[in-house]
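Student: The structure follows.
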Amino acid sequence: MGENNIILTIKSLSKYFGALKAVDGVSFEVKKGEILGLIGPNGAGKTTIANLVTGTFSKTSGSVIFEDTDISNLKSYQIARKGLTRTFQIVEPLKGMSVEENVLVGSLYGRDNRNTNMKNSSKRTREIIKLVGLESKKDFLVSDITINDIKKMEFARVIAMDPKILFLDEVMAGLTAKEVEKTSILIKRILKEKDLTIVFIEHIMKAVMGVSDRIIVLHHGKKISEGTPQEVANSSAVIEAYLGKRYAKEVVNNG
Amino acid sequence: MKLLIENNKKINILLFITLMIVFIFLPFFLSGYWIRVFTTIFMYAVIAQGMNIMYGYMGYLPFGNVMFFGIGAYIAAIGMNRGLPFLAVLPLAALTAIFLSILFGIPVLKIRGHYFAIATIGINGAIMGVVQNTTEITGGAMGTTLPIIDKPPAVTYGYFYFAMLALMIIATLLLYLVINSKLGYGIRSIKANEEAANSMGINTIYHKVTAWAISALFVSIAGALYAYWMSFIGPTEVFSTVVAVKVIVIMLIGGAGTILGPIIGSFIVSMLSEVVWSSFLEYHLGVLGIAMIAILFFAPKGIVGTMDDFIKNRGLRLRKKVSV
């Protein structure tokens, strides 16, 4: 792997809330075009990292380097415009607006937002709504659709922002096994079509193992393991902290 | 559904054009008193549009927005007393108001909800205090006079009727264009979910200040016209929080976050108060209050909002029937 392949570098990033070290000196790199899984038990600091990288929280120390520039002091709208965006663990729809309008806002703003106009954005919006399969619901208000459809809408909205790197914060939470499978296929397809890099924050192990190229495991705000899904699953530190022996065995046996 | 929403838009445009044609020919059939009533209706509609972009579309209630009315009125008065023609003081009033909206907006628009509303009341009070105490420039608490147009009253009332009407039409069209543009989507996203808007690449503070500047533009020109029309203004009158309350009521009754709501609201509130005034002189305010509570209770989205919902729901029902 050459230097040019790295799109995002996180260097000893920390965030303290008073005495609580939510993220404590975490460093890792994200390679262009990969799906990186970010996992860990509750309170491990996964969402905090997403919040730090996308500018929702300000860091305590460390740096976040995106394509050779330190973005850790930028505001969240500036980071979004650079092409680094995220979905939220708890859905954040634009209330009182229709599904189509929600996606349209993503398309109008987002990356390179100076070059977007209503006409092109409307066209893009319709394409993306079709891609995620929300065509029949595009005129509904977000208050009138199910939580799964809101999640799909949020996914469409971040895709409409045309990001270079996307943090997906627990997009699978609350989905049935079949829906998880469908969403995984959708994510892989969009990754190929849109030339994206994805950081996948997840609780559902099956989804992470199946989709990720590489996995980073967090525990109590620290990175405890990094590697391919198999390597991580076999790591004794991870098994101790999180997965449990039985699940790890299953993964190894089933390939 | 798409078709029905477009129909809805067509209904709105049709309604707007019909109203405007009626208003243009109305003065030829009305007495001087009613011309003044209608001029006031147009003026309140403009101030309510200024409130509408801030609250109806962006979700920030600028309770002290009347400050721009007072600024517009006073800049017009001061300029004209120094010998400037009205058409020169008009842009001066607008630019001063826009400048102040940016100056106050950058710090104050970082506060949300009730705190923002209260902060704007504070600014309004502070500006009124300045006006009251700089007697050499503003005439102080006694108020100040403006030059009177040298024409019979019937003619000047006609001028102001058409000037206010034109202002209302321009403000409404401008608001319509803004709301349907990229800027408008940014502004509406702030009301919908400010955190999400931020994370989607929307520079929220820029959008908030821009919206307030547009609001200040509308309201200050209305203030300048009002000052010239009345030819006498006093600080407690043009910085009055009673005006602020009336404008909020107009916006809510007509429908906050709708293009035509403030116009219809202004019409209804003024007509209602005319009727109530003439038939229940002693209980005027009480009856008016009860009527407003009734409207807000049964149509919380305002008249235009409720009408829109009705048309949309009918559309959904029809569509369901077709799909079955």
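Student: What's the total number of residues in region A:104-132 that are more than 17 Å from A:Lys194 (Cβ to Cβ) and small (Gly, Ala, Ser)?
Tutor: 1
Student: Report whether or not A:Thr116 is modelled with pLDDT of 90 or more and within 13 Å of chain B (Cβ to nearest Cβ).
Tutor: On the way: modelled with pLDDT of 90 or more: no; within 13 Å of chain B (Cβ to nearest Cβ): yes.
In short, no.
Student: Kindly evaluate B:Ser215 against the criterion of being among the hydroxyl-bearing types (Ser, Thr, Tyr) and closer than 30 Å to A:Ala80 by Cβ.
Tutor: On the way: among the hydroxyl-bearing types (Ser, Thr, Tyr): yes; closer than 30 Å to A:Ala80 by Cβ: yes.
Yes, satisfied.
Student: Scan region A:125-134 for residues that are farther than 19 Å from A:Phe88 by Cβ and at pLDDT 90 or above and jot them down.
Tutor: Just the residues of region A:125-134 that are farther than 19 Å from A:Phe88 by Cβ, to begin with: A:125-127, A:129-131, A:133.
Answer for region A:125-134, where residues must be farther than 19 Å from A:Phe88 by Cβ and at pLDDT 90 or above: A:Thr125, A:Arg126, A:Glu127, A:Ile129, A:Lys130.
Student: Among the residues in region A:81-93, are any touching a strand residue (DSSP E or B) at 6+ places or on another chain (Cβ under 8 Å), more than 9 Å from chain B (Cβ to nearest Cβ) and surrounded by fewer than 18 Cβ atoms within 10 Å (Cβ to Cβ)?
Tutor: Yes, that holds for at least one residue.
Student: Given the conditions (1) farther than 22 Å from B:Gly223 by Cα; (2) modelled with pLDDT of 90 or more; (3) away from chain A (no Cβ under 14 Å), and given that B:Phe162 satisfies all but one, which numbered condition is not satisfied?
Tutor: So B:Phe162 meets the others, but not (1).
Student: Okay, next question. Select from region B:191-206 the residues that are crowded, with 24+ Cβ neighbours inside 10 Å and more than 7 Å from every other protein chain (Cβ to nearest Cβ) and list them in ascending order.
Tutor: B:Ala197
Student: Can you tell me which of B:Ala224, B:Ala213, B:Ala244 is within 22 Å of B:Leu103 (Cβ to Cβ) and surrounded by fewer than 22 Cβ atoms within 10 Å (Cβ to Cβ)?
Tutor: Values: B:Ala224 fails: surrounded by fewer than 22 Cβ atoms within 10 Å (Cβ to Cβ); B:Ala244 fails: surrounded by fewer than 22 Cβ atoms within 10 Å (Cβ to Cβ).
Testing whether each residue is within 22 Å of B:Leu103 (Cβ to Cβ) and surrounded by fewer than 22 Cβ atoms within 10 Å (Cβ to Cβ) leaves just B:Ala213.
Student: Would you mind finding the one in B:Phe218, B:Phe297 that is out of contact with any helix residue (DSSP H, G or I) (no Cβ under 9 Å at 6 or more places or on another chain) and either crowded, with 19+ Cβ neighbours inside 10 Å or of a type outside the set (Asp, Glu) (or both)?
Tutor: Numbers: B:Phe218 fails: out of contact with any helix residue (DSSP H, G or I) (no Cβ under 9 Å at 6 or more places or on another chain).
Every option except B:Phe297 fails the conditions.
Student: Next question, about the same structure. Tell me, please, whether a residue that is under 26 Å from A:Ala22 (Cα atoms), of a type outside the set (A, V, I, L, M, F, W, C), surrounded by 18 or more Cβ atoms within 10 Å (Cβ to Cβ) and within 12 Å of chain B (Cβ to nearest Cβ) can be found in region A:136-153.
Tutor: Among the residues of region A:136-153, not one is under 26 Å from A:Ala22 (Cα atoms), of a type outside the set (A, V, I, L, M, F, W, C), surrounded by 18 or more Cβ atoms within 10 Å (Cβ to Cβ) and within 12 Å of chain B (Cβ to nearest Cβ), which makes the answer no.
Student: Hey, another quick one. Taking region A:17-52, which residues are touching a Leu at 6+ places or on another chain (Cβ under 7 Å) and within 14 Å of another protein chain (Cβ to nearest Cβ)?
Tutor: A:Leu52, the sole residue that qualifies.
Student: So, one more: Only one residue in A:Ser98, A:Ser72, A:Ser107 is within 12 Å of another protein chain (Cβ to nearest Cβ), buried (at least 17 other Cβ atoms within 10 Å of the Cβ) and in contact with a Lys or Arg (Cβ under 6 Å, 6 or more places away or on another chain). Which one?
Tutor: A:Ser107
Student: B:Thr172 passes all but one of (1) more than 14 Å from every other protein chain (Cβ to nearest Cβ); (2) outside any helix (DSSP H, G or I); which number fails?
Tutor: In the conditions (1) more than 14 Å from every other protein chain (Cβ to nearest Cβ); (2) outside any helix (DSSP H, G or I), B:Thr172 misses (2) alone.
Student: Could you please give the count of residues in region A:153-197 that are of a type in the set (S, T, N, Q) and assigned to a loop (DSSP other than H, G, I, E, B)? If you could, list the steps in order and put the result at the bottom.
Tutor: Initially, region A:153-197 is screened for residues of a type in the set (S, T, N, Q), giving A:176, A:183-184, A:197.
From what's left, assigned to a loop (DSSP other than H, G, I, E, B): A:176.
Of the residues in that region, 1 qualify.
Student: Among the helices (runs of 4 or more DSSP H) lying completely within region A:58-152, list those that include at least 2 residues that are farther than 20 Å from B:Gly186 by Cα. Steps first, answer last, please.
Tutor: Working: elements: A:76-82, A:99-108, A:118-132.
Helices (runs of 4 or more DSSP H) meeting the threshold: A:118-132.
Student: Here's something else I'd like to know. Being assigned by TED's automatic domain parsing to the domain that holds A:Asn102, out of contact with any strand residue (DSSP E or B) (no Cβ under 9 Å at 6 or more places or on another chain) and of a type in the set (Gly, Ala, Ser) is the requirement here; does A:Gly133 meet it? Outline the logic, then answer.
Tutor: Numbers: assigned by TED's automatic domain parsing to the domain that holds A:Asn102: yes; out of contact with any strand residue (DSSP E or B) (no Cβ under 9 Å at 6 or more places or on another chain): yes; of a type in the set (Gly, Ala, Ser): yes.
Taking the combined requirement at face value, the residue satisfies it.
Student: Looking at (1) in contact (Cβ under 8 Å) with a residue 60 or more places away in the chain; (2) within 8 Å of chain B (Cβ to nearest Cβ), which is the only condition A:Glu67 fails?
Tutor: Of the numbered conditions (1) in contact (Cβ under 8 Å) with a residue 60 or more places away in the chain; (2) within 8 Å of chain B (Cβ to nearest Cβ), the odd one out for A:Glu67 is (2).
Student: To continue, here is another question. Pairs please, first residue from region B:200-225 and at positive phi, second anywhere and of a type in the set (Val, Ile, Thr) and assigned to a helix (DSSP H, G or I), Cβ atoms under 9 Å, 6+ apart in sequence or on different chains.
Tutor: These pairs meet every condition: B:Gly201/A:Ile79.
Student: Part of a helix (DSSP H, G or I), within 14 Å of another protein chain (Cβ to nearest Cβ) and touching a residue at least 12 places away in the same chain (Cβ under 8 Å), is that true of B:Ile187?
Tutor: Working: part of a helix (DSSP H, G or I): yes; within 14 Å of another protein chain (Cβ to nearest Cβ): yes; touching a residue at least 12 places away in the same chain (Cβ under 8 Å): yes.
Considered against the rule, which asks whether it is part of a helix (DSSP H, G or I), within 14 Å of another protein chain (Cβ to nearest Cβ) and touching a residue at least 12 places away in the same chain (Cβ under 8 Å), B:Ile187 comes out as yes.
The values are calculated or read from the model by the stated rules, or taken from the named source; none is laboratory data. Keep in mind it's a predicted model, so treat the numbers as computed, not measured. Every residue, glycine among them, receives a Cβ derived from its backbone with ideal geometry; neighbour counts consider all protein chains shown.
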